[in-house]
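Note sheet for the following structure.
Quick note: the coordinates plus some simple rules give every number you see, no bench work behind them. It should be emphasised that the depicted structure is a prediction, and the values quoted were computed from it without experimental measurement. Using ideal geometry, Cβ is built from the backbone for each residue, glycine included, and neighbour counts are taken over all protein chains shown.
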Amino acid sequence: MAAQNSGLPKFVDCGNTMVRWSKGILNSFDCPYTNGFTEGANNKIKVLKRNAYGYRNFRRFRNRILHMFSNSTQKGAA
């Protein structure tokens, strides 16, 4: 790789990373599955937690998460 031979530390690091992860990077183009839904769900929960300034009761927090996701699945079904 030209980046590895450039002598610039950041380019060399980037080139080495690309070589180390090349198998996984190339496999990502063949596999249609991603963890996008899981990442989105985690983000929604984190935003809820941040906006609520912490729930005192975990049961209420859990119920709010379940309620939030039950409404989002119904929107997609229509």
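Which angle from 0 to 90°, rounded to the nearest 10, does the C-alpha axis of helix 9-20 make with the longest principal axis of the chain? Tilt relative to the chain: about 70 degrees.
Taking the number of Cβ atoms within 10 Å of each Cβ as an exposure proxy, the fewest-first ranking of Y55, Y33 is Y33, Y55. In segment 36-77, taking the dipole from charged Cβ atoms about the Cα centre, the farthest positive-side position among Y53, T38, S70 is held by Y53. Exposure proxy shown here: for I65, I25, the number of other Cβ atoms within 10 Å sets the order, fewest to most, as I25, I65. Over segment 36-77, the hull volume per residue, using the convex hull of the C-alpha atoms, is 63 Å³.
Checking (i) 20.9, 57; (ii) 12.1, 45; (iii) 12.6, 44 against the coordinates, the calculated Rg and Dmax of the Cα atoms in Å falls under label (i).
Close Lys pairs in the chain (alpha-carbon distance under 24 Å; sequence gap of 8 or more, or different chains): 4.
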